[in-house]
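What follows is a short report on a single structure.
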Amino acid sequence: MSVKKILVVDDSPTERYFMVELLSQYGYQVLTAENGEDGVSKAKSELPDLILMDVVMPGINGYQATRTLMRDESTKNIPVIVCTSKGQETDKIWGLRQGATDYLVKPVNGEELLAKIAAL
């Protein structure tokens, strides 16, 4: 799969800025959303090739947003990589159970993220 368009869903302006800067340098088109509801909406309208999803956000959290996307016919095949500060093994298992393709703990290592994207 060739990833060109990536949706970053994160309530932290700092995290969004980091992801946009990193991914743009490597030629990816980056869209952003500040919360789970906005992320689900943008995913449905923009149909990105990949979604990077934070977990702890106001409103619906990243687990709920991922589950919503995986149950929707138009977005169920879009891979989701959870990028969160929640680093417990149970958090990771729960994220993958919601349908996430992969799980990264913040602070996200840029090289590791790029490698995971390239491997999709």
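For a quick check of your reading: which helices (runs of 4 or more DSSP H) sit entirely within region 16-120 and have at least 3 residues that are touching a Cys at 6+ places or on another chain (Cβ under 7 Å), modelled with pLDDT under 95 and farther than 22 Å from MET1 by Cα?
none
Within region 81-105, restricting attention to residues that are hydroxyl-bearing (Ser, Thr, Tyr) and out of contact with any helix residue (DSSP H, G or I) (no Cβ under 7 Å at 6 or more places or on another chain), which residue is surrounded by the most Cβ atoms within 10 Å (Cβ to Cβ)?
THR101
Taking the conditions exactly as written (β-branched (Val, Ile, Thr), crowded, with 21+ Cβ neighbours inside 10 Å and in contact (Cβ under 8 Å) with a residue 60 or more places away in the chain), does ILE51 satisfy them or not?
So ILE51 does not fit the description; no.
Could you list, ordered by first residue, the pairs with Cβ atoms under 6 Å in which the first is in region 5-22 and closer than 15 Å to SER85 by Cβ and the second is part of a helix (DSSP H, G or I), at least 6 apart or interchain?
Hits for this filter: VAL9/GLY39; ASP10/ARG16.
The values are calculated or read from the model by the stated rules, or taken from the named source; none is laboratory data. A quick note: this is a predicted structure, and the numbers were derived from the prediction, not measured. Note that each Cβ is placed from the backbone with ideal geometry, even for glycine, and that neighbours are counted across all protein chains shown.
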